[in-house]
Amino acid sequence: MEKTVVKIENLVKRYKELIALDHFSLEIKEGEIFGLLGPNGSGKTTTINCLLSLLSFDKGTVEIFGEKMTPVNYRIKKDIGVIMQNVAVFDEMTVYENIDYFCGLYITDKKVRKQYVDDAVKFVGLEDFLKFYPKKLSGGLLRRLNIACGIAHKPKLIILDEPTVAVDPQSRNKILEGIQELNKNGATIIYTSHYMEEIEQICTRIAIMDKGKKIAEGTTDQLKKMVKNTETETIEILDIPEAVMEEIRDLPHVYNASHDGNDLVISCSGGKHNLIRILQVLQKNELSFGRVYTTLPTLNDVFLEITGTELRDKED
Amino acid sequence: MFLHNFKYEILHSLRVKDLIFWLILFPIVLGAFFKIAFSGIYEKTEKFSTVPIAVVESTEDKIFHSVMDSIEQSDDPLFKVTYTDEEKAMDMLKKQKVLGIIRIDGKEKSLSVSGEGIEQTIIKSFLEQYAVQEQIITDTVMTDPQNVETVVSALNSEVSSTENIPLTEGDPDPYVSYFYNLIAMVALFGSVTGLHIAMENQANLHPLGARKNCSPTPKFVSLTASLLGSFVVQAVCVIVSVSYIAFVLKIDFGSRLPLVYVSGILGGILGVSMGFMVGSFGSMKEGAKSAICMSVSMLCCFFSGLMVGNMKALVAEKAPWFNEINPAALISDTFYCLEIYSGYDRYIEKNITMAIISVIFIIIGFLLTRRKKYASL
Ligand SMILES: Nc1ncnc2c1ncn2[C@@H]1O[C@H](COP(=O)(O)OP(=O)(O)OP(=O)(O)O)[C@@H](O)[C@H]1O
Ligand SMILES: [Mg+2]
């Protein structure tokens, strides 16, 4: 059986009136890339800060590596790498010095440290920028430096709080690939984001948060099964008689069909061969059609289904 | 871990541009400015004749008496003193035979002058300076009567410096107090470094604090290492300033220059500690706290005479206790003590006061930053 790395039980955190975390529980196993997905202000950062014992909380327990987490449990802290939402590096120190400084807070042996720092530099691809000051780095490179500072000591548990905010897609992909590589090398990862694409792309298991509560948890597939709408078929067709529409609506697994402009949109729940059956109906009625495509549900649909609101930010 | 933090604190501090500006460039420029401004005046001034005054003693003040005697006996006396009674004195004042009357009544000394001229101001500032240094003078007369002349010449130079009129040729440097206060300013600007340390180790005040708090290096270790590191950096800045003032501007600190360095460095430690404490208070933004540190430092220097020479005399008159705790006054006083006393008692006393204040600041800082979990980040 896999070991439990993080166990959060019934965490409650209040900021005066506001309940930022409402009986939040979580269990993360060794080797997972665990995604914490939620819109802005849903409590992701609060969860991380409570987990790290930076933030006091009103109720609940936090265990890491099977031990109670406290601010002075340095044995646990040694094995955690944290990349916070805000970039935290010294402006007056070069890329290399920054990584070396933070690594040195964990690793005392100089030789080992040098090796680790070199590894971290290579890992984030900043070899050509060692002598640069953070102010001279582009946004994406700065984020990579921020990550390098958090992971140079080769921690067993890596916590990343929205590490890709304000990063261009290319840099973002590099970061995501890097995280997967860290995971392959044995680290357990906690990754928070409000970008569901990222979460879907790399996470092995996901918890969706809203207003301080966990509203769903599971693998991507498990989560998607939670929505009734598992498949949406869109067929380009100019005109369709009402009788044919009825015929389609009567097909198994189809629960909604509408003709909107030039598109026939059919929502299906589960089942196989949905598209084939629909196309057979159209052929039988000698209707010609253009483009056909299927869209699978997204985590946004899951979120929408449970909360009735969109996960996406307006800005996205 | 301790050495690692210590090393990086030094490296980091030496690269902070503000620090280089306020702690090294600014004092150099200001020092040069003082030098130019004052040496100009120095050349223009002519010698002054002796000022006739009357002293009316309701009670006898031996010490004042001996100081006056000593003044009268010097080569180029500041005053010509007539001891008389009130009535005659008033008469002499009317007839302009004397330009001022000093009345002594127990501890109180009061002054009447006729008209307003340089002579009258000299009498006034002499009395002010005498009040400021009464303690020093008393000590000297009691314990070390031979040294009265040194005290008197120091008094002379103070009087002249407050009025920007040097009275005696070959006087060491009447403007030396400005330079003393300049060193005090450099020392106190260390508060900005102290402030950084306090902020950067607190998770709720700085992202770097959050990052450091996640690491297995205990807060006490990283704080202590950072503090010691910045003491070193601050010491370097003070050494640069003192050396510059002593060797480039050629301001005479007397024969005990090494001790000027010692108390300057101690003053720097006091400055860093002050900033450390301010930084630990409340959750204000760094900019706001920085501004507080700078203005407090400046204000302290102002009250000890960085901008207006006779400010310290005024404080000594209105709120003497403030000179005893004002860090800038303490720092510049140690330099006076070195110049005036042959002994070390007062010098050591002032240094101990500085050390005690620093320790108090550091303890308060540690108590405030001790917290490990925050209610809000
Ligand atoms: N220091 C604080 N004082 C008061 N309320 C706070 C504080 N920090 C966070 N909150 C509130 O707690 C809730 C959760 O915030 P949190 O930062 O954990 O959200 P998040 O999921 O990380 O959001 P984002 O995606 O924007 O980072 C929000 O409503 C926020 O306004
Ligand atoms: Mg957040």
Self-check item: CD proxy at 222 nm, helix term only [per DSSP H run n ≥ 4: -39500 (n - 2.57); per residue of chain B; nearest 500]
Solution: -21500 deg cm²/dmol
Self-check item: the stretch A:239-244 - phi-based ³J(HN,Hα) in whole Hz, Karplus 6.51/-1.76/1.60, Gly and Pro as x
Solution: 9, 9, x, 4, 4, 5
Quiz item: Principal axis lengths of chain B from Cα atoms, whole Å, largest first?
Solution: 81, 40, 36
Exercise. Would you grab the residues whose amide H sits under 5 Å from the one on A:Ile190? Only those 5+ places off in sequence or on another chain, please, with H modelled 1.01 Å from N.
Key: A:Phe34, A:Ile158, A:Ile159, A:Leu160
Self-check item: Relative contact order of the stretch A:13-85, defined on C-alpha pairs under 8 angstrom at six or more residues apart (%)
Solution: 24 percent
Quiz item: So how far, in whole Å, is the C-alpha centre of the stretch B:71-99 from the one of the stretch B:225-264?
Solution: 44 Å
Quiz prompt | Distance between the stretch A:42-102 and the stretch A:249-296 - C-alpha centres, whole angstrom | solution = 50 Å
Exercise. Taking the dipole about the Cα centre of chain A, with the C-beta of Lys and Arg at +1 and of Asp and Glu at -1, give me whichever of A:Ile175, A:Thr108, A:Tyr191 is farthest to the positive side.
Key: A:Thr108
Practice problem: Starting at the first residue of the stretch A:209-216, write each ³J(HN,Hα) from the Karplus equation 6.51 cos²θ - 1.76 cosθ + 1.60 with θ = phi - 60°, in whole Hz, x for Gly and Pro. | Solution: 10, 8, 6, x, 10, 8, 9, 6
Self-check item: Top positive-direction residue, dipole computed over the stretch A:231-296 with Cβ charges, set A:Gly271, A:Leu287, A:Val254
Solution: A:Gly271
Practice problem: Mind listing the long-range amide H neighbours of A:Thr230? Cut-off is under 5 Å, sequence gap 5 or more, other chains count too, H placed in the peptide plane at 1.01 Å from N. | Solution: A:Cys268, A:Ser269, A:Gly270
Exercise. Compute the relative contact order of the stretch A:37-142 as a whole-number percentage, counting only Cα pairs closer than 8 Å that sit 6 or more residues apart in sequence.
Key: 21 percent
Exercise. Report, in debye and to the nearest 20, how large the dipole of chain A comes out about its Cα centre when Lys and Arg carry +1 and Asp and Glu carry -1 on their Cβ.
Key: 1680 debye
Quiz item: Which lysines, on any chain, are close to B:Lys97 with Cα under 19 Å apart, when same-chain ones fewer than 8 places away are left out?
Solution: B:Lys80, B:Lys88, B:Lys124
Quiz prompt | Nearest-20 debye value, the protein assembly as shown charge dipole, Cβ charges on Lys, Arg, Asp, Glu | solution = 2080 debye
Quiz item: Which value, in debye to the nearest 20, gives the size of the charge dipole of the stretch A:231-296 about its Cα centre, when Lys and Arg are +1 and Asp and Glu are -1 at the Cβ?
Solution: 300 debye
Quiz item: Which sequence of B:Met311, B:Met1 reflects their accessible areas, 1.4 Å probe, from the largest down?
Solution: B:Met1, B:Met311
Quiz item: With contacts defined as alpha carbon pairs under 8 Å and 6 or more residues apart, what's the relative contact order of the stretch A:231-296 in percent?
Solution: 48 percent
Quiz prompt | Residue pairs, from the table A:Lys78/A:Lys224; A:Lys59/B:Lys285; B:Lys95/B:Lys312; A:Lys224/A:Lys272, whose Cα atoms sit over 26 Å apart | solution = A:Lys78/A:Lys224; A:Lys59/B:Lys285; B:Lys95/B:Lys312
Self-check item: Integer Hz, Karplus 6.51/-1.76/1.60 couplings in order for the stretch B:344-349, x for Gly and Pro
Solution: 10, 4, 5, 4, 5, 4
Quiz item: Under a GNM of chain B (C-alpha, springs under 10 Å), which listed residue has the highest mean-square fluctuation: B:Ala313, B:Ala288, B:Ala32?
Solution: B:Ala288
Quiz item: Relative to the longest principal axis of chain B, what angle (0 to 90°, nearest 10) does the C-alpha long axis of helix B:148-162 take?
Solution: 80 degrees
Self-check item: Where A:Leu182, B:Leu25 fall by accessible area, highest first, once all protein chains stay in place (1.4 Å)
Solution: B:Leu25, A:Leu182
Quiz item: With springs only between Cα atoms under 10 Å, which of A:Val302, A:Val112, A:Val167 fluctuates most in a Gaussian network model of chain A?
Solution: A:Val112
Quiz item: Considering only DSSP beta bridges whose two residues both sit in the protein assembly as shown, what percent are antiparallel, to the nearest 5?
Solution: 60 percent
Quiz prompt | Unsatisfied cross-links (Cα-Cα over 26 Å) in the set A:Lys3/A:Lys214; A:Lys3/A:Lys154; A:Lys44/A:Lys77; A:Lys114/B:Lys7; A:Lys3/A:Lys114; A:Lys16/B:Lys373 | solution = A:Lys3/A:Lys114
Quiz item: Nearest 10 degrees, 0 to 90: what angle lies between the long axis of helix B:257-280 and the longest principal axis of chain B (Cα atoms)?
Solution: 50 degrees
Quiz item: Can you give the Rg and Dmax of the protein assembly as shown based on its C-alpha atoms, in angstrom?
Solution: 38.2, 137
Quiz prompt | Residues whose placed amide H lies under 5 Å from that of A:Ile215, excluding near-sequence neighbours | solution = A:Ile208, A:Met209, A:Asp210
Quiz prompt | Farthest positive-ward along chain B dipole, Cα basis, beta-carbon charges - from B:Thr150, B:Ile197, B:Pro327 | solution = B:Ile197
Quiz item: So which trypsin sites (Lys or Arg not before Pro) in the stretch B:69-100 pass both tests, a DSSP loop state and at most 10 other Cβ atoms within 10 Å of the Cβ?
Solution: B:Lys95
Quiz item: Given only helices, namely DSSP H runs of n ≥ 4 each adding -39500 (n - 2.57), what is the per-residue ellipticity at 222 nm of chain A, to the nearest 500 deg cm²/dmol?
Solution: -10000 deg cm²/dmol
Quiz item: When all protein chains stay in place, what accessible area (Å², nearest 10, 1.4 Å probe) is found for A:Glu246?
Solution: 80 Å²
Exercise. Between the alpha-carbon centers of the stretch B:1-43 and the stretch B:130-153, tell me the distance in whole angstrom.
Key: 35 Å
Quiz prompt | On Cα atoms only, tilt of A:110-124 relative to the major axis of chain A in degrees | solution = 30 degrees
Quiz prompt | Hits among lysines - C-alpha to C-alpha of B:Lys35 under 20 Å, sequence gap 8 or more where chains match | solution = B:Lys44, B:Lys250
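The values are calculated or read from the model by the stated rules, or taken from the named source; none is laboratory data. If you're wondering where the values come from, they're calculated on a predicted model, not measured in any experiment. Positions of Cβ are backbone-derived with ideal geometry, glycine not excepted, and every protein chain shown enters the neighbour counts. In case anyone asks, the SASA skips ligands and DNA or RNA and just uses the protein heavy atoms, side chains included. Shrake-Rupley method; radii C 1.70, N 1.55, O 1.52, S 1.80 Å.
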